[in-house]
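Enquirer: One structure, pasted below without further comment.
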Amino acid sequence: MSQAEGSKLKLMVVDDEHDNLDLLYRTFRRDFRVFKADSAALALQVLEAEGEMAVIISDQRMPQMNGTEFLSKTVERFPDTIRILLTGYTDVEDLVDAINSGQVFKYITKPWNPENLKAVVQQASETYKVLKQRTNELRRALRREELFNAVTTAIRESLDYNSMLQTVVNTIGQTFEASRCILRPVEGDRLTSEAFSYQDPNAAASQFPNIDSALEAALETHQTQLAQGEEQGTQYTHLVVPLIYQQQQQSVLCLYQDTQNGMWEPQEVQLIEGVAEQAALAISQAKLYQRTQQQAQQMRAELEVARQIQNNLLRQSWPEVEGLKVQACCVAAREVGGDFFEVYFHPQGDIWLAVGDVSGKGVPAALFMASAISVLRRELAQEISPEPDVVMRNLNSIMSDDLVSTNCFITMVLARYTPADHTLVYANAGHIYPLIWSHQAVLQQSAQLEDSALEPNFLKTRGIPLGILPIWKAKQGQVTLNAGEIFLLTSDGITEATVTQSSEPGQSDVGGSLEPQGSMLTQDGLWKLLRQEPAPFNLTNLLARIREQTNNVQEDDQTILSLEVL
């Protein structure tokens, strides 16, 4: 078949009279590839073998199967074919039936005028071309939509970068029936060493041809490269498409196809380029997600190191002193926090206790916390044990500039206990009131079911927080800590925790129920829990009970410290 012959539209003529068949064949053989059939059954066989016809001209009156019935059998399989019906009769019923069931384009009576018939067939062929063009455009649009949906689905299914690259190369390779497909990521306008590939399971295994020059050309020009070549006696076509999103080259895609399987049409190349744009978006999002995950993982690792460092800053052990019991616990709401405590045993015999809370949370608060502990330890390490208000004033003087410039402040209680005379001297910089009570007396009253409730001694001498004014001024307080009494310091992360249970199941209502659900625990609520605490007094047990009664999600750093005189 010549090239001109192959470009002609196909036309079928069906008539049980051979003279009519020959006449129709001679009339149209120059302009069409004409197929003849002398019966409807033979015509169906030709259609099965040759496929879609542009135009079918059929006689109406034929034995076994008439023209209307024959044409109706071609409608479902070949909807774009233009059908013309010939008849020597002008039966209205046949005309209506032909139009309705056979979808006939024209109804021509015999004998026909050759020029009129040529004009009708020419009009039919032009109609077929327009219809076929629109059908192909619609199919391409639907195919494009399907491919875009497939790429979008790939985006939703996985945001893992490597998984996304493999999904893209598999989806495009399978959809466009490529023998092989390879995708090379791009970093900094250079191809990486990684490669993601697809191999058609039905294609013969062979080595991928050398396409480095085409890849470099696509990388440099940002243009699609289409070329043909031969590798080991096999003709092939390769298509190299850059995947670009927001003028940033994400990767380069190469599709390889054996020539025997056919070449990509220009419309397919355009479709591949359109899909490549969607793939570039998917890859860009996956890359961004991977980078975000890596940064988050690195940040978590750094915060874990910071948490360990912060824990090491807080004293984990201290000397045991006969007749005294010191307990402390600090739990940050995040990896690191602004709460801190200090237990320092001075060489002169004094015991220093401190609990502080830097405003805010997280890393900024943790940095100020580390600075405060460092300055505090230097002040306490003097040869002569200093006064608490002097230490507080020096701490404010050293840190106030940094605190003011960052709109931060520190609340803190600093106390010095002298075992020789049981004197406790303290200074409070805007912190929660410390409290003192005799735990043994509370337990005895509970056992005797007395109605009158013991109240703790709230130490209410207090000044402003550190970092508010350049010079810190406040009075210091002094009390005597007797045997059996406990001195307790807490941070607001405990007293401001949200209550979720107003009373503990199975507990007697000694001391009353806690604050209403949804409100803060407050110091009164803490005191009610302290009254229910069994002997010996244990901070770990108390903190666990506090968490049972309050929100499971820790909202703030929680610090608690106690000194008990045995």
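The numbers here are math on the coordinates, done by the rules we state, and not lab data. Owing to the predicted nature of the structure, the values given are computational and were not obtained by experimental measurement. Ideal geometry is used to build each Cβ from the backbone, glycine not excepted, and the neighbour counts take in all protein chains shown.
Enquirer: Which whole-angstrom value gives the distance between the alpha carbon centres of the range 156-192 and the range 401-443?
Expert: 63 Å
Enquirer: A further question on this structure: Among 130, 365, 293, which residue has its Cα furthest toward the positive end of the charge dipole of the chain, with +1 on Lys/Arg Cβ and -1 on Asp/Glu Cβ?
Expert: Farthest along the dipole direction, towards plus: 130.
Enquirer: If I model a spin label as a point 7 Å beyond the Cα along the Cα-Cβ vector, how far apart are those points for residue 210 and residue 118 in nm?
Expert: 5.9 nm
Enquirer: Using a cut-off of under 20 Å, list every residue of the range 17-47 whose amide N is near the label point 7 Å from the Cα of residue 129 along the Cα-to-beta-carbon line.
Expert: Residues passing the 20 Å test: 27-35.
Enquirer: Still on this structure: How high is the FRET efficiency between residue 289 and residue 103 when r is their beta carbon distance and R₀ equals 60 Å, given to the nearest 0.05?
Expert: 0.70
Enquirer: Now a separate question. Given a Förster distance of 51 angstrom, what is the FRET efficiency for residue 270 paired with residue 555, based on the Cβ-Cβ distance and rounded to 0.05?
Expert: 0.35
Enquirer: OK, next. So, R0 is 45 Å and r is the distance between the beta-carbons of residue 23 and residue 277; what FRET efficiency does that work out to, to 0.05? Walk me through the intermediate numbers first.
Expert: Working: r = 55 Å, r/R0 = 1.22.
That pair, residue 23 with residue 277, gives E of 0.25.
Enquirer: Also: Aspartates and glutamates within cross-link reach of residue 132: Cα-Cα under 19 Å, excluding same-chain residues under 8 positions apart?
Expert: Answer for residue 132, where 19 Å is the Cα cut-off: 31, 50, 52, 76, 80, 265, 268, listed by chain and number.
Enquirer: Could you name the lysines in cross-link range of residue 36, using Cα to Cα under 20 Å and dropping any fewer than eight places away on the same chain?
Expert: Those lysines meeting the cut-off are 8, 10, 73, 106, 110, 118.
Enquirer: Further, regarding this structure: With a ≥ b ≥ c the root eigenvalues of the C-alpha gyration tensor of the range 232-326, is it rounded (a/c under 1.5), prolate (a/b larger than b/c) or oblate?
Expert: Verdict is prolate for the range 232-326.
Enquirer: Set Lys and Arg Cβ to +1 and Asp and Glu Cβ to -1, take the dipole of the chain about its Cα centre, and tell me which of 183, 74, 336 lies farthest positive.
Expert: Of 183, 74, 336, it is 183.
Enquirer: So, in nm, how far is label residue 312 from label residue 146 when the simple model puts each one 7 Å beyond its Cα toward the Cβ?
Expert: That separation, rounded to one decimal, is 6.2 nm.
Enquirer: Let me ask you something else. Per residue, how big is the convex hull of the range 101-204 when only Cα atoms are used? Give it in Å³.
Expert: Values: hull volume 22.7 nm³, N = 104.
Given the Cα convex hull of the range 101-204, per-residue volume reads 218 Å³.
Enquirer: Charges on Cβ only, +1 for Lys and Arg, -1 for Asp and Glu, centred on the Cα centroid of the range 359-497; of 457, 405, 482, which one is farthest towards the dipole's positive end?
Expert: 405
Enquirer: Whole Å is fine, so just give me how far the alpha carbon centre of the range 514-553 lies from that of the range 248-302.
Expert: About 56 Å separates the Cα centre of the range 514-553 from the one of the range 248-302.
Enquirer: Calculate the dipole size of the chain relative to its Cα centre from +1 charges on Lys and Arg beta carbons and -1 charges on Asp and Glu beta carbons; express the result in debye to the nearest 20.
Expert: 760 debye
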